[in-house]
Structures are given as structure tokens and as C-alpha cells.
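The values are calculated or read from the model by the stated rules, or taken from the named source; none is laboratory data. Everything quoted here is computed from the prediction, not taken from an experiment. No Cβ is skipped: glycine too gets one built from the backbone with ideal geometry, and neighbour counts run over all protein chains shown.
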Amino acid sequence: MMSSIRVTDEDTLRVVKEEAGFVRFEIERRLAKSLRLHGGLVKGSESLVGNVVSGNFYSAQPFGVIDGIDYCWTGFPRKVEVERIRQ
């Protein structure tokens with residue numbers, strides 16, 4: 001940790017990505033199961049099968065080197081694709 005910003009090194013990023021992948025899998029699995037059990041989505045009088053969709057709806061900007069400190073993989077959100085998420 002440099003100042004109040006945590007430096008994310010390559011090993012830490014690997015662990016975070018593994019855990020995020022597991023959480024994503026579990027969320028998608030549970031959502032899909034719930035949609036199957038409850039008949040999917042209802043639109044008007046027709047029943048639709050619900051699909052679980054995931055994707056990369058954001059981009060990030062790395063901090064880079066600030067005052068001689070290399071923040072490695074630490075950064076901040078650059079853009080969030082709000083309209084694509086709402087679809």
C-alpha cells in the first residue's frame with residue numbers, strides 16, 4: 001500500500017481474477033436456475049425463456065507511475081457501457 005492507494009501486483013491480480021470468475025459463474029448459475037424454476041420472464045401473456053448474459057461492459061485506466069511509485073495493475077474506471085447493460 002502506497003499512500004492510501006493499494007498497489008495491485010500481478011500475483012494479487014491473478015487471485016482476484018480467479019475469485020471474480022468463480023463469483024460470476026455462481027451468479028450466472030443461480031440466475032439461470034431461478035429462471036428455469038419460475039418459468040422465465042413474463043411479457044404480456046406470453047412466457048419467454050430468460051437468458052443470463054454477461055460481458056465486459058467497462059474499461060479501466062491504469063494509474064501508471066505517480067511520484068515514482070509504479071501502481072502496476074491499479075487503476076480507475078474509464079467508461080461504463082450503461083446502455084449495453086440495460087439491454
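When the residues of segment 1-38 are filtered to those that are of a type in the set (Ser, Thr, Tyr) and assigned to a helix (DSSP H, G or I), the one that is nearest to Val52 (Cα to Cα) is Ser34.
One residue stands out in segment 52-64 among those that are surrounded by fewer than 11 Cβ atoms within 10 Å (Cβ to Cβ) and not in a strand (DSSP E or B): the one that is modelled with the lowest pLDDT, namely Val53.
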